[in-house]
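Encoded as structure tokens, the structure appears first; notes follow it.
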Amino acid sequence: MSDRESRTASRQRLRPYSLRLLLISVPISYGAFMFVVWGIGVLTHRSPGDPSIVSSFAVVSVWYALSCYVWIPLTWIASSFTIATFRRRRH
């Protein structure tokens with residue numbers, strides 16, 4: 001592998017605590033939050049007379065928006081820790 005190819009490959013790999021990983025963590029964080037809170041918490045406990053599924057989705061999205069300052073950094077740190085751990089084991 002040439003020097004240029006190795007530099008390109010190292011740029012494409014996600015590095016722990018990088019800005020690129022933070023940007024990837026935002027949709028992952030939202031998806032995980034919605035799966036846990038809305039998918040497991042709301043959809044499984046529906047009964048007749050409950051608000052519509054769309055309105056409950058909107059409410060849970062607002063909950064995420066109000067608490068994203070917690071969820072995004074937690075997802076970023078957890079992903080960074082996971083990447084660092086797997087790289088140490090591989091080398």
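The values are calculated or read from the model by the stated rules, or taken from the named source; none is laboratory data. As the structure is a computational prediction, the values presented were derived from the model and not from experiment. Positions of Cβ are backbone-derived with ideal geometry, glycine not excepted, and every protein chain shown enters the neighbour counts. Just the protein is used for accessible areas: all its heavy atoms, side chains included, with ligands, DNA and RNA removed. Shrake-Rupley method; radii C 1.70, N 1.55, O 1.52, S 1.80 Å.
Pick out, from 71, 18, 60, the residue whose Cα sits farthest towards the positive end of the charge dipole of the chain, with +1 on the Cβ of Lys and Arg and -1 on the Cβ of Asp and Glu. With unit charges placed on the Cβ atoms, the residue in question is 18.
Working note: 222 nm ellipticity from helices only, DSSP H runs with n ≥ 4, each -39,500 (n - 2.57), summed and divided by the residues of the chain, gives -24000 deg cm²/dmol to the nearest 500.
Relative contact order, whole percent, for the chain stands at 49, derived from Cα pairs under 8 Å and 6 or more residues apart. Among 17, 30, 69, 64, the order of accessible area from largest down is 69, 17, 30, 64, computed with a 1.4 Å probe on protein heavy atoms.
Tell me, in nm to one decimal, what length is gained between residue 78 and residue 52 on full extension, where the rule is 0.36 nm per residue of separation less the Cα-Cα distance?
So the chain would gain 6.0 nm between residue 78 and residue 52.
Residue 55 contributes an accessible area of around 50 Å² to the protein surface, as traced by a 1.4 Å probe with all chains present. Treating each Cα of the stretch 34-91 as an identical point scatterer and summing with the Debye formula, the log10 of I(q)/I(0) at q = 0.24, 0.26, 0.31 Å⁻¹ comes to -0.93, -1.01, -1.17.
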